[in-house]
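Since the structure comes first, as structure tokens, the remarks are kept for the end.
The values are calculated or read from the model by the stated rules, or taken from the named source; none is laboratory data. Worth saying up front: this structure is predicted, and the values here are computed from it rather than measured. Cβ: placed from backbone, ideal geometry, glycine included. Neighbour counts: every protein chain shown.
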Amino acid sequence: MTERLKNIIICDDNLEAMKHVPDNYVDLCYIDPPFFTNANYEIIWGDDYETRSFRDRWEGGINHYIDWMRPRIEAIHRVLKETGTFFLHCDPHADDYLRTLCDGIFGHNRLISKIIWKRYASGSFSEKGFTTITDTILFYSKSDEYKFHPQYGEVNVSAFKHMEKETGRRFKTAPLIKSGKTNHILNFGGKVMTLSDNQRFVWSQERLDKELEKNPHCIYWTKTGNPRFKMYLDEAPGVFIDNLWLDIHGITSTSSERLGYPTQKPEALLERIVNCASNEGDLILDVFAGGGTTIAVTKRLKREFIAIEISPTACRLMANRIAYPISRIFNFPIKQDDLDNLDPFEFQNWVCWKMNARSQVKTGDRGIDGICNHTNVPIQVKQSERIGRPVVDNFETAIRRKKKNKGAIVGFSFTRGAYEEVARVAREGKLDIKLYTIEDLNNGKPFEDGISTKGPLDLY
């Protein structure tokens with residue numbers, strides 16, 4: 001069972017899905033949960049082929065939000081290995097509440113860092129306060145024994161002001177002498193130096209001997225006769241990254257990696273998180289997988305992943321992103337019983353995906369829920385049984401308004417009256433309306449009828 005829980009996308013509520021993840025199983029978990037807002041997201045995916053709707057709604061106030069988050073973070077704590085780490089991307093409106101919650105689950109002494117990420121280059125002008133342009137990411141460990149690899153930014157070349165005459169290498173220097181009461185004497189290859197009682201050498205004699213053996217030019221002597229050790233530009237790892245991340249830019253409308261997912265994070269952000277707290281082959285968990293940035297980075301960095309996401313739309317899109325067969329998405333809705341319980345937005349998106357259509361989620365669509373790519377045939381989606389003649393009548397009006405002579409209605413089943421009305425308008429040579437059930441869509445019938453054609457959104 002555990003072998004199946006690697007490199008897998010699970011379409012389910014994350015609390016339910018995590019029940020099947022063993023204790024002490026995951027090396028790192030990053031989550032970017034829905035923010036505590038009342039935003040209703042409407043997005044365009046890719047090159048206008050699909051319009052998707054993602055909703056981020058919370059009712060009941062901050063206490064409801066924290067109560068909803070608590071069992072999920074408790075489950076994450078359970079599945080983490082003792083050496084595991086947890087990164088929680090926080091809503092600015094709730095980060096203090098979330099820190100208190102995590103302190104209670106992990107322990108306040110397990111907070112390694114509170115990372116401040118400058119997400120936006122600048123904020124809009126406000127006369128009532130300072131604009132928020134940062135996000136907070138809480139970094140916790142499950143125990144004292146956790147993985148951490150320091151990260152480095154770009155090297156500041158201007159800091160390496162010296163040029164070594166013997167080799168031509170650029171370098172800067174760092175002090176070998178600091179305040180202290182031990183290690184007062186060093187032998188610099190025959191030149192012995194003794195410090196005062198309140199000073200000490202940073203290096204031991206053993207360390208100095210090894211460095212001089214590797215590089216006899218490694219010591220720099222100041223004009224006042226003090227030794228400093230050289231740090232070479234060609235060996236510099238870069239500037240050490242602290243908890244203030246200013247060098248990673250958020251996703252904008254012009255970003256090359258922009259997918260359209262409303263809360264999409266840049267891959268560089270996840271690269272730093274994954275690299276700093278895991279090794280190749282480690283297992284990374286994201287239980288709010290969204291647009292799939294975490295698993296895209298995880299796969300590229302040669303880690304394994306578990307991605308959990310309740311939205312079938314998001315599951316499909318992240319699967320496309322990493323060339324993961326949709327047929328392998330665990331618990332992905334296909335049968336009528338599954339689809340009957342979907343949110344209406346998700347059901348509409350599922351139907352449009354099956355018909356290679358772009359979903360119309362804007363208000364005022366006036367009876368048109370989707371438009372087939374390449375054929376421009378309008379679609380109406382009904383998440384109900386026994387769709388009758390009135391629905392067909394209304395759809396006829398919508399088609400005429402669009403100046404189309406062909407259309408399709410999708411639902412679970414249709415009444416005899418619906419089929420009779422479709423036959424009547426076809427017999428009179430006015431309109432060609434097709435009625436499709438979920439079984440028809442799963443069997444590819446719209447493509448056989450020419451209502452839609454396969455294209456950039458070919459099914460796996």
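Quick check on the stretch 202-260: of everything there that is within 24 Å of Glu166 (Cα to Cα) and basic (Lys, Arg), which residue is farthest from the chain's Cα centre (by Cα)?
Restricting to residues being within 24 Å of Glu166 (Cα to Cα) and basic (Lys, Arg), the top hit is Lys223.
Looking only at the stretch 388-417, which residues are surrounded by fewer than 17 Cβ atoms within 10 Å (Cβ to Cβ) and under 17 Å from Met355 (Cβ atoms)?
If we filter the stretch 388-417 for residues that are surrounded by fewer than 17 Cβ atoms within 10 Å (Cβ to Cβ), which is where we start, we get 388, 390, 393-394, 397, 400-405, 412-413, 415-417.
Once the filter is applied, which keeps residues that are surrounded by fewer than 17 Cβ atoms within 10 Å (Cβ to Cβ) and under 17 Å from Met355 (Cβ atoms), the stretch 388-417 yields Lys402, Lys404, Phe412.
Out of Asp282, Asp286, I need the residue that is of a type in the set (D, E, K, R) and either outside the structural domain of His249 (by TED's automatic domain parsing) or buried (at least 24 other Cβ atoms within 10 Å of the Cβ) (or both). Which one?
Values: Asp282 fails: either outside the structural domain of His249 (by TED's automatic domain parsing) or buried (at least 24 other Cβ atoms within 10 Å of the Cβ) (or both).
Of Asp282, Asp286, the one residue that is of a type in the set (D, E, K, R) and either outside the structural domain of His249 (by TED's automatic domain parsing) or buried (at least 24 other Cβ atoms within 10 Å of the Cβ) (or both) is Asp286.
Failed condition for His249, given (1) in contact (Cβ under 8 Å) with a residue 60 or more places away in the chain; (2) in contact with a strand residue (DSSP E or B) (Cβ under 8 Å, 6 or more places away or on another chain); (3) within 30 Å of Ile73 (Cβ to Cβ), with all others met?
(2)
Could you tell me whether Gln380 is in contact with a Gly (Cβ under 8 Å, 6 or more places away or on another chain), under 21 Å from Gly260 (Cβ atoms), outside the structural domain of Asp12 (by TED's automatic domain parsing) and surrounded by 21 or more Cβ atoms within 10 Å (Cβ to Cβ)? It would help to see each step written out before you state the result.
Working: in contact with a Gly (Cβ under 8 Å, 6 or more places away or on another chain): yes; under 21 Å from Gly260 (Cβ atoms): no; outside the structural domain of Asp12 (by TED's automatic domain parsing): yes; surrounded by 21 or more Cβ atoms within 10 Å (Cβ to Cβ): yes.
No, not satisfied.
Report yes if some residue within the stretch 344-356 is crowded, with 22+ Cβ neighbours inside 10 Å, touching a residue at least 24 places away in the same chain (Cβ under 8 Å), of a type in the set (S, T, N, Q) and over 19 Å from Gly260 (Cα atoms); otherwise report no.
Looking through the stretch 344-356, none of the residues is crowded, with 22+ Cβ neighbours inside 10 Å, touching a residue at least 24 places away in the same chain (Cβ under 8 Å), of a type in the set (S, T, N, Q) and over 19 Å from Gly260 (Cα atoms).
Of all residues being surrounded by 12 or more Cβ atoms within 10 Å (Cβ to Cβ) and among the small types (Gly, Ala, Ser) in the stretch 146-174, which is farthest from Thr83 (Cα to Cα)? Just the residue, please.
The qualifying residue farthest from Thr83 (Cα to Cα) is Ala159.
Looking for whichever is polar (S, T, N, Q), more than 28 Å from His249 (Cα to Cα) and surrounded by fewer than 18 Cβ atoms within 10 Å (Cβ to Cβ) here; the options are Ser122, Ser143, Ser113, Ser126. Which one fits? Can you show your working first?
Details: Ser122 fails: more than 28 Å from His249 (Cα to Cα); Ser113 fails: more than 28 Å from His249 (Cα to Cα); Ser126 fails: more than 28 Å from His249 (Cα to Cα).
Residue meeting the stated conditions: Ser143.
In the stretch 189-204, what residues are of a type in the set (S, T, N, Q) and surrounded by 13 or more Cβ atoms within 10 Å (Cβ to Cβ)? Spell out the reasoning first.
Of the stretch 189-204, the ones of a type in the set (S, T, N, Q) are 194, 196, 198-199, 204.
If the condition is that a residue be of a type in the set (S, T, N, Q) and surrounded by 13 or more Cβ atoms within 10 Å (Cβ to Cβ), then Gln199 is the only one that fits.
Please state which of the following conditions Lys302 fails to meet, knowing it meets all the rest: (1) buried (at least 22 other Cβ atoms within 10 Å of the Cβ); (2) under 30 Å from Gly281 (Cα atoms); (3) not acidic (Asp, Glu).
Result: Lys302 fails condition (1) only.
Checking the structure you have, find out if any residue of the stretch 180-203 is basic (Lys, Arg) and in contact with a His (Cβ under 9 Å, 6 or more places away or on another chain).
Taking the stretch 180-203 as the starting set, the residues that turn out to be basic (Lys, Arg) are 181, 191, 200.
Still in the list and also in contact with a His (Cβ under 9 Å, 6 or more places away or on another chain): 200.
Within the stretch 180-203 (the criterion being basic (Lys, Arg) and in contact with a His (Cβ under 9 Å, 6 or more places away or on another chain)), the answer is yes, since at least one residue qualifies.
Would you mind stating whether Asp343 is of a type in the set (Asp, Glu) and outside the structural domain of Asp13 (by TED's automatic domain parsing)? Let's see the steps before the verdict.
Working: of a type in the set (Asp, Glu): yes; outside the structural domain of Asp13 (by TED's automatic domain parsing): yes.
Yes: the conditions hold for Asp343.
Taking only pairs six or more apart or across chains, which ones have beta-carbon atoms under 6 Å, a first residue in the stretch 429-453 that is farther than 14 Å from Gly411 by Cβ and part of a strand (DSSP E or B), and a second residue that is of a type in the set (Lys, Arg) and modelled with pLDDT of 90 or more?
Here the result reads Asp432/Lys406, each pair linking the stretch 429-453 to a residue that is of a type in the set (Lys, Arg) and modelled with pLDDT of 90 or more.
Would you list the helices (runs of 4 or more DSSP H) that sit entirely within the stretch 247-336 and hold 2 or more residues that are farther than 17 Å from Gly84 by Cβ and at pLDDT below 90? Spell out the reasoning first.
On the way: elements: 267-277, 293-300, 312-321.
Filter on the stretch 247-336 gives 312-321.
Out of Ile322, Ile371, Ile329, which single residue is buried (at least 18 other Cβ atoms within 10 Å of the Cβ) and without any contact (Cβ under 8 Å) to a residue 40 or more places away in the chain? So that I can check it myself, show each step before the final result.
Working: Ile322 fails: buried (at least 18 other Cβ atoms within 10 Å of the Cβ); Ile329 fails: without any contact (Cβ under 8 Å) to a residue 40 or more places away in the chain.
Step by step, each of Ile322, Ile371, Ile329 is checked, and only Ile371 is buried (at least 18 other Cβ atoms within 10 Å of the Cβ) and without any contact (Cβ under 8 Å) to a residue 40 or more places away in the chain.
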